[in-house]
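Working notes for the structure below.
The values are calculated or read from the model by the stated rules, or taken from the named source; none is laboratory data. Please read all numbers here as calculations on a predicted model, not as lab measurements. Cβ atoms come from the backbone with ideal geometry, glycine included; neighbour counts cover every protein chain shown. For the accessible areas, the whole protein counts, side chains as well, though only heavy atoms, and no ligand, DNA or RNA atoms are used. Shrake-Rupley method; radii C 1.70, N 1.55, O 1.52, S 1.80 Å.
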Amino acid sequence: MRSVSNLNELRSSRLSFAGTVGFVPTMGYLHEGHLALIRRARAECEHVIVSIFVNPTQFGAKEDLSKYPRDLERDLRLIEPYTDLVWTPSAETMYPQGYQTWVEVEAVTRPLEGAMRPGHFKGVTTVVAKLFNSVQPHKAYFGQKDAQQVAVIQQMVRDLNFPVEIVVCPTMREPDGLAMSSRNVYLDPEQRKAATVLFRSLSAAKEAYEQGERDAKKVRGKMKEILASEPLAEAQYVSCADYDTLEELDVIKGKALLSMALFMGKTRLIDNFILG
């Protein structure tokens, strides 16, 4: 595995790869969820490139950029068996002095995370577009846990004609159902136990759906009922939306996305299930 931080070195190394290139963009502090993406890329592609970059433009003014967990040495050890090339650019490389170009997707970024985190997706789409342009992958791998991010990136790829196949991989979970996340490290033992309320809420809503419930308001009500039973959880939103448009549903007729965001102390957690 080769590690580079310079853009010219990245491009030079990329030119030496013949055959399909799989790409996994990350912000580091890797866990089994990231490794599942990288192993999938390894299984499907002749070469695998991983980026590790904590992107400052997708963090809001009151969010945790300075406290975001980092451990590059550990990350490199974890990915070494599966990765040909790892790119670790600096913020100055990605956003040089005088930077003023942005990529924005419109409608699908407005609800849910977009409503809670203004400007977040502008940072995501801009950095992913830059990563795709730099790495030139054939396939790029993302986790279903960030369902809206996946939808936004898929829209961007379609709209801008990126020659990249987006591969969406299932959410990786702890044995008690909590979705794996780099931010889970922030939870104290009591909060960590309480955080299973996301999985329990989504599971209750999914069970109602599987038993025939199609009234989206009642499905959202199931999630809210479970969330309300956990005093440490402060819900931000609870959603039952159309899978493609992310618009809130009245009646579930086709594929739908159940999703939620909450604060557990100062730690913000998200999760989702797909229906249909």
- prompt: Given the C-alpha centroids of region 27-106 and region 176-194, what is the distance between them in whole angstrom?
  reply: 21
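Set the bar at 27 Å for Cα to Cα. Now go through LYS130/LYS266; LYS222/LYS255; LYS67/LYS122; LYS139/LYS193 and name every pair that lies beyond it.
Checking Cα-Cα distances, LYS130/LYS266; LYS139/LYS193 exceed 27 Å.
For region 53-109, what is the Kirkwood hydrodynamic radius in Å, using each pair of distinct C-alpha atoms?
14.3
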- request: Starting from the Cα of GLU213, step 7 Å along the direction of its Cβ; do the same at ARG11; then give the gap between the two resulting points in nm.
  value: 5.5
Inverse of mean 1/r across different Cα pairs in region 59-208, Kirkwood, Å: 17.9
Residue-averaged 222 nm ellipticity for the chain, from DSSP H runs of 4+ at -39500 (n - 2.57), nearest 500: -11000 deg cm²/dmol
- prompt: What percent do you get for the relative contact order of the chain when only Cα pairs under 8 Å and 6+ apart count?
  reply: 17
message: Given a 1.4 angstrom probe, I'd like the percentage of the accessible area of region 154-276 that is carbon and sulfur, rounded to a whole number.
response: 50
field: Of the DSSP H helices in the chain, those whose Cα atoms cover at least 30 Å axially and whose Kyte score averages -1.0 or more
entry: none
- prompt: Looking at the chain, what % of its DSSP beta bridges pair antiparallel, to the nearest 5?
  reply: 50
- request: Report relative contact order for region 7-104 in percent, whole number only (criteria: Cα-Cα under 8 Å, sequence separation at least 6).
  value: 33
task: Write down the accessible area per residue of region 158-221 in Å², having rolled a 1.4 Å probe over the full set of protein chains.
output: 56
Region 232-276: relative contact order as a whole-number percent, Cα under 8 Å and 6+ apart: 39
- prompt: Can you list the residues, at least 5 places off or on another chain, whose amide H is less than 5 Å from the amide H of MET27, using H built in the peptide plane?
  reply: PHE53
query: If you take the C-alpha gyration tensor of the chain, multiply each eigenvalue by 5 and take the square root, what semi-axes do you get, largest first, in whole Å?
result: 33, 20, 18
Debye equation applied to the C-alpha atoms of region 154-240, log10 I(q)/I(0) at 0.25 Å⁻¹: -1.18
